[in-house]
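One structure is given here, and the rest of the page talks about it.
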Amino acid sequence: PHLEVGLGCAAIAVAALTARRIPAVAAAVLAVSVPALAVPRVATLVLLHAHNAVGFAIWLRWTRGGPARWPVAALALGGIALIALGACDRLIPEDGPLDLDALAAAIAPGLGPIAALRVVLIYAFAQALHYLAWLVLIPRARALPTSLRQDFGRAGVVAIAIAIAGVPAAAITDGAAHARDVYLALVVFHGWLELAIVAHLIAGRDRLEDACCSPG
């Protein structure tokens, strides 16, 4: 965990320093990095939950999301509040393919059984919002419309298709639980990548459209 957190903090620092506001950036990166490196497992757990809000935060603050931004944000917060207050407890399955107790221990360590399972539900709901923000809301808010082929090229689209097909194929051949663990181990970097994007936008006072769509 020390190596992962250290590399993540370094990515944030590099992304922010490209905006050339070095004193403020250095102070902010140190303020985050020192406690994160002191307790890396806690930092990883915080990142696990907090990164689900990054896509929504970018959409609300750094894009031209339009007048629908705040009603959508209110609905998202309302959903989280309902789960936290127990309105969705009946949706928690008593048995099934997932070991909910193990998930609760990993995602919400130290909490009571009911509170921990509610945190698991909130995490699942927040993951759905996370993908909604990155795959739908942010692309639609960009000043210049693009496609996967424009963003990644033909080879990149082929690689994405192979990766998408590879996850269920691995689950069938090697077991769903092992495939899930390997997948999560490989993609955990994207939380740090999102924080690096936010750091660059804050340091440069950019809008996402300007940052991703400007020539060069």
Separation between Cα centres of the stretch 91-135 and the stretch 176-193, rounded to whole Å: 16 Å
PHE152-ASP89 FRET efficiency (beta carbon distance; Förster radius 35 Å; 0.05 resolution): 0.25
Accessible area expressed per residue, the stretch 144-194, with surrounding protein chains retained (probe 1.4 Å, Å²): 73 Å²
Listed peptides 27-39, 110-122 by packing density, highest first (mean Cβ within 10 Å): 110-122, 27-39
Added length on full extension, which subtracts the Cα-Cα distance from 0.36 nm per residue, THR173 to VAL14: 53.3 nm
The stretch 60-201 - percent of accessible surface contributed by carbon and sulfur, probe 1.4 Å: 72 percent
Backbone HN-Hα couplings from phi across the stretch 176-186 [Karplus 6.51/-1.76/1.60, Hz, Gly and Pro as x]: 5, 5, 5, 4, 4, 5, 5, 4, 5, 5, 7
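The values are calculated or read from the model by the stated rules, or taken from the named source; none is laboratory data. Keep in mind that what you see is a predicted model, and the values were worked out from it rather than measured. Because the Cβ atoms are built from the backbone with ideal geometry, glycine has one as well, and the counts that use them run over all protein chains shown. All accessible areas refer to the heavy atoms of the entire protein, side chains included, with ligands and DNA or RNA removed. Shrake-Rupley method; radii C 1.70, N 1.55, O 1.52, S 1.80 Å.
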